[in-house]
Amino acid sequence: MATGLELRAISKSFGVNRVLDGVSLRVEPGEFLSLVGPSGCGKSTLLRVIAGLERQDRGAVTIGGVDVDHLGPRARNIAMVFQSYALYPHMSAGDNIALPLSVSRLSLAERLPLIKHLSPRRRGIVREIAADVRAVAAQLQIETLLARKPGQLSGGQRQRVALARAMVRQPTVFLMDEPLSNLDAQLRVHMRDELADLHKRLGATFVYVTHDQVEAMTMSDRVAMLDGGRLAQVGRPAELYAAPATLTVARFIGTPTINVLPGRIGDHGQVMLADRALPITTALAAGAPVSIGLRSEDLVLGSNLGSASASLLARVRRVEHHGAERLVFADLSSPTTGAVIARIPSVEAPFAAVAPGDLVPLTMRFSALHIFDTNGSRITASVPPAAGKPAVTPAMAEEAAT
């Protein structure tokens, strides 16, 4: 049965550098939770604290409701899959998979070269270990690779061997530290599918660290984003995309990155974009600076969206073709300045022939704007019903995020 885990106010410093600052997080049994964030935000350190490889300065770790802070890594009954695979090059794939079982089931004497053949007990245990290795290899479809050395395997095959070594112990929790980062782009997509399918088959609890937000958005039940050692936001992938709690989350989640324009609060609480008053009001004081976030799919080429929107003039700088869609990189010239990215279908007329140097209207939907204060925190804003649009469903948001 899958086991959940809980982190309570975890803090960790290396010298004067505070890497984790009061992180509290609960992972439900059987959940796939991804830890994301920029480099140096503390996600790998947090994973090592869960594993018992690092000792936190403050806070507590519980697994299955049991405090494990006094336990070493082996006693916590977790499995960790590393970025580097950590396979022994002189051992076959089968022996690499069997290693954790050999260490846990055989005594030191039974593992010594000169003594191991004299132990009748050892022969029975070795047969059991071999059966367990074959069973987990069959799950990952690597039965024919067990006799090969790691150097004779492809990157994807080595990753499966590393997964099998983790699975063979039947751990309560799987911890994965950027396990796909060494693979090429095509194989990474394939392995994402395999990991998602593996999670469904095992029903196990996965905590997955990645710097690639596409991996997190496509595989996870929930995503937890760290920023500067603190938990910035936790939620379903669609929630982080459609309602980012901070400007950092908004910029990190979603491809391409969100457009951010400078604004301020007008005399009557309305959001101002340059000298244009938008029909969006906040409780901030007049004159307060704000950042206005807008996703690329909500910045539309054209000027026929009615009162629910406003048009900006922009000079096209570059166009990227992505099959069914294009990304238009442009520089705003009216009523404000700044670089923006708009996403349009490749066959959308009359803009299929948009080219660098063209001056085009870009229309923003008021209800799609995200407003952030000077600290980068999301601000509650009111939009008149006439300026609204259909709600973004989780499926729509997750598709747009990837």
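Distance in nm between label sites at ARG105 and ARG276, each 7 Å beyond Cα in the beta-carbon direction?
Between ARG105 and ARG276, the label points sit 6.9 nm apart.
Rank PRO89, LEU198, VAL68 by how far each Cα sits towards the positive end of the charge dipole of the chain (+1 on Lys, Arg Cβ; -1 on Asp, Glu Cβ) and give me just the farthest.
Looking along the dipole axis, the top candidate is PRO89.
Compute log10 of I(q)/I(0) for the chain with the Debye formula, placing one identical point scatterer on every Cα and leaving out solvent, at q = 0.12, 0.14 Å⁻¹, to two decimals.
-1.00, -1.20
Got a sec? Charge dipole of the chain, +1 on Cβ for Lys and Arg, -1 for Asp and Glu; which of GLN157, ASN77, GLY124 is way out at the positive end?
GLY124
Averaged per residue, what accessible area in Å² does the stretch 1-64 show with a 1.4 Å probe, protein chains only?
Values: 2630 Å² over 64 residues.
Counting only protein heavy atoms, the per-residue value for the stretch 1-64 is 41 Å².
Would you mind classifying the stretch 146-194 by shape? Square roots of the alpha carbon gyration tensor eigenvalues, ordered a ≥ b ≥ c; an a/c under 1.5 is rounded, otherwise it is prolate if a/b is larger than b/c and oblate if not.
Numbers: a/c = 2.24, a/b = 1.14, b/c = 1.97.
Oblate is the answer for the stretch 146-194, as a/c is 1.5 or above yet b/c matches or exceeds a/b.
Taking the Cα atoms only, what angle lies between the long axis of helix 185-202 and the longest principal axis of the chain, rounded to 10 degrees?
Between the helix axis and the principal axis of the chain, the angle is about 60 degrees.
In whole percent, what relative contact order does the chain give with Cα contacts below 8 Å and a gap of six or more residues? Walk me through the numbers before you get to the answer.
Values: 823 pairs, mean separation 63.7, N = 402.
Relative contact order, the chain: 16 percent.
Calculate one ³J(HN,Hα) per residue across the stretch 217-234 by plugging θ = phi - 60° into the Karplus curve 6.51 cos²θ - 1.76 cosθ + 1.60, and present them in order as whole Hz with x for glycine and proline.
Values per residue, Gly and Pro as x: 6, 8, 10, 8, 6, 9, 10, 10, 9, 9, 9, x, x, 10, 7, 7, 6, 10 Hz.
Suppose every K and R has +1 on its Cβ and every D and E has -1 on its Cβ; what is the size of the dipole of the stretch 1-123 about the Cα centre, in Debye to the nearest 20? Write out the running numbers ahead of the final one.
Numbers: 16 positive and 10 negative charges, 102 e Å.
Roughly 480 debye for the stretch 1-123.
Shape call for the stretch 1-71 from the C-alpha gyration tensor, a ≥ b ≥ c root eigenvalues: rounded (a/c under 1.5), prolate (a/b greater than b/c) or oblate? All intermediate terms of the calculation are to be shown ahead of the outcome.
Values: a/c = 2.24, a/b = 1.41, b/c = 1.59.
Oblate, because a/c is 1.5 or more while a/b does not exceed b/c.
Tell me which residues come under 5 Å, amide H to amide H, from ARG148 once H is placed; ignore anything under 5 positions away on its chain.
Amide H neighbours of ARG148, under 5 Å, 5+ apart: ALA93, GLY94.
For the chain, which whole percent of the accessible surface, found with a 1.4 angstrom probe, sits on carbon and sulfur atoms? Walk me through the intermediate numbers first.
Working: 9860 of 18540 Å².
Answer for the chain: carbon and sulfur cover 53 percent of the accessible area.
Could you calculate the FRET efficiency of GLN83 with ASP267 from 1/(1 + (r/R0)^6), where r is the beta carbon distance between them and R0 is 51 Å, rounded to 0.05? Walk me through the intermediate numbers first.
Working: r = 54 Å, r/R0 = 1.05.
For R0 = 51 Å, the calculated efficiency reads 0.45.
Checking a compactness column here: for the stretch 2-152, what do you get for Rg(Cα) / (2.2 N^0.38 Å), N being the number of residues?
Details: Rg = 19.1 Å, N = 151, 2.2 N^0.38 = 14.8 Å.
Compactness ratio reported: 1.29.
Per residue of the chain, what 222 nm ellipticity follows from adding -39500 (n - 2.57) for every DSSP H run with n ≥ 4, rounded to the nearest 500?
Working: 10 runs with 104 residues, N = 402.
Computed ellipticity for the chain at 222 nm equals -7500 deg cm²/dmol.
What does the charge add up to near ILE258, with Lys and Arg as +1, Asp and Glu as -1, over the other residues with Cβ less than 10 Å from its Cβ? List each step's numbers first, then the result.
Working: positive: ARG251, ARG295; negative: ASP298.
For residues surrounding ILE258, the net value is +1.
Would you list the P(r) distribution for the stretch 200-356, with all Cα-Cα distances sorted into 10 Å bins from 0 and each bin expressed as a whole %?
In whole percents, the pair-distance histogram is 9, 30, 32, 22, 6, 1.
Between 0 and 90 degrees, rounded to the nearest ten: what's the tilt of helix 120-139 against the longest Cα principal axis of the chain?
30 degrees
Counting heavy atoms of the protein chains only and a 1.4 Å probe, report the per residue accessible area for the stretch 235-285 as a whole number of Å². Could the numbers behind the result be given before it?
On the way: 2090 Å² over 51 residues.
Here the residues of the stretch 235-285 average 41 Å² of exposed surface.
Please give the charge dipole size of the stretch 145-263, origin at the Cα centre, charges +1 on K and R Cβ atoms and -1 on D and E Cβ atoms. Round to the nearest 20 debye. Don't skip to the end; give the middle numbers.
Working: 14 positive and 11 negative charges, 96 e Å.
It works out to roughly 460 debye.
Give me the 1.4 Å probe accessible area per residue for the stretch 175-228, excluding ligands and nucleic acids, in Å². Working shown, then result.
Numbers: 2040 Å² over 54 residues.
I get 38 Å² per residue for this part.
Kirkwood hydrodynamic radius, computed over distinct alpha-carbon pairs, for the stretch 106-219: how many Å, to one decimal? Show your work: numbers first, answer last.
On the way: mean 1/r = 0.0624 Å⁻¹.
Here the Kirkwood hydrodynamic radius works out to 16.0 Å.
The values are calculated or read from the model by the stated rules, or taken from the named source; none is laboratory data. In this text the structure is predicted, and so the values were computed from the model without any measurement. Glycine also receives a Cβ, built like all others from the backbone with ideal geometry; neighbour counts cover every protein chain displayed. Protein only, heavy atoms only, side chains kept; ligands, DNA and RNA dropped before computing areas. Shrake-Rupley method; radii C 1.70, N 1.55, O 1.52, S 1.80 Å.
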